[in-house]
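Scroll down for the structure; my scribbles are underneath it.
The values are calculated or read from the model by the stated rules, or taken from the named source; none is laboratory data. Quick caveat, the model's predicted, so the values are computed rather than measured. Cβ: placed from backbone, ideal geometry, glycine included. Neighbour counts: every protein chain shown.
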Amino acid sequence: MFLILKLAITSSLFLSFILVGYGLHASPFPVAFPGTSEAPDPTGRYSVLWLEDSPHKLFFKDLKTGQSSSLLVFNRWVEVLWSPDGNAFAITDHSGSSESSVLVTRTGGPLNLLNLGDVFAKSFGKPDEIYENGHIYFEVLEWINSTTLLFTIEAYDAHPDRGYKATFRYTLGNGITKEVDLKK
């Protein structure tokens, strides 16, 4: 048993060293701020940095040039998730106890944070089953490729029969489509 455990740990460490050697050192999972100080992209070209302050501040840094720019000011906590090629990232901003939003931007140019709640409202309007609830959460799930992001919208109130949960697909530059209906 000990030998099997030792082999599993050794294999895992070896794989980690290989991935780091190829520049694949970013997490495929959202990185939470506060909680960590940096979220590098998978290619090692860029990083999102957190400045502990009140309110909190996120910065975007080009690791090649060393230039950084202000990205987002937030009060509670956020999660950053990089696309597999490092050319875009999404932020889930947990701005309040009854709301969160998803912001998306591309790298390699001006960092314009696109609020997926605004894109959703332009595409689908403001359906009552979502916007008549007191709690509305937009949250990043995963990048399914370098240009397509899955996210959820969950809404609920004190009445369990009015809950809503669905998964949507956002494709950079092409908008939002509904993916899977997970109504309560």
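Looking at 115, 174, can you tell me which residue is modelled with pLDDT of 95 or more and out of contact with any Asp or Glu (no Cβ under 7 Å at 6 or more places or on another chain)? Walk me through how you get there before you give the answer.
Details: 174 fails: modelled with pLDDT of 95 or more.
Step by step, each of 115, 174 is checked, and only 115 is modelled with pLDDT of 95 or more and out of contact with any Asp or Glu (no Cβ under 7 Å at 6 or more places or on another chain).
Within segment 100-144, how many residues are over 16 Å from the mean Cα position of the chain (by Cα) and not aliphatic (A, V, I, L, M)?
Residues meeting the conditions: 18.
Look at segment 37-52 and say how many of its residues are within 11 Å of residue 80 (Cα to Cα) and among the hydroxyl-bearing types (Ser, Thr, Tyr).
Result for segment 37-52: 1.
Of all residues in segment 88-112, which are of a type in the set (S, T, N, Q) and surrounded by 18 or more Cβ atoms within 10 Å (Cβ to Cβ)? Working first, answer last.
We begin by selecting, within segment 88-112, every residue of a type in the set (S, T, N, Q); these are 92, 95, 97-98, 100-101, 105, 107, 112.
Hits for segment 88-112 are 92, 100, 101, 105, 107.
If you take the residues in segment 65-97 that are in contact with a Pro (Cβ under 9 Å, 6 or more places away or on another chain) and aromatic (Phe, Trp, Tyr), which one is nearest to residue 108 (Cα to Cα)?
Ranking the qualifying residues of segment 65-97, first place goes to 82.
Of all residues in segment 48-59, how many are surrounded by fewer than 20 Cβ atoms within 10 Å (Cβ to Cβ) and under 17 Å from residue 108 (Cβ atoms)?
Of the residues in that region, 1 qualify.
From 24, 13, grab the single residue that is modelled with pLDDT under 85 and part of a loop (DSSP other than H, G, I, E, B). Full working, then the answer.
Details: 13 fails: part of a loop (DSSP other than H, G, I, E, B).
It is 24.
When the residues of segment 133-183 are filtered to those that are surrounded by 14 or more Cβ atoms within 10 Å (Cβ to Cβ) and among the basic types (Lys, Arg), which remaining residue is nearest to residue 100 (Cα to Cα)?
Restricting to residues being surrounded by 14 or more Cβ atoms within 10 Å (Cβ to Cβ) and among the basic types (Lys, Arg), the top hit is 165.
Which of the residues that make up segment 84-114 are closer than 19 Å to residue 41 by Cα, of a type in the set (Ser, Thr, Tyr) and in contact with a Lys or Arg (Cβ under 9 Å, 6 or more places away or on another chain)?
Of everything in segment 84-114, just one residue is closer than 19 Å to residue 41 by Cα, of a type in the set (Ser, Thr, Tyr) and in contact with a Lys or Arg (Cβ under 9 Å, 6 or more places away or on another chain), namely 107.
What pairs come out if I take residues in segment 30-47 that are at positive phi and surrounded by 15 or more Cβ atoms within 10 Å (Cβ to Cβ) and pair them with residues that are part of a loop (DSSP other than H, G, I, E, B) and of a type in the set (Gly, Ala, Ser) whose C-beta lies under 9 Å away, six or more apart or interchain?
44/23; 44/26; 44/86
Residue 69: exposed (fewer than 12 other Cβ atoms within 10 Å of the Cβ), outside any loop (DSSP other than H, G, I, E, B) and at pLDDT 50 or above, yes or no?
Numbers: exposed (fewer than 12 other Cβ atoms within 10 Å of the Cβ): yes; outside any loop (DSSP other than H, G, I, E, B): yes; at pLDDT 50 or above: yes.
When the stated conditions are applied, residue 69 passes them.
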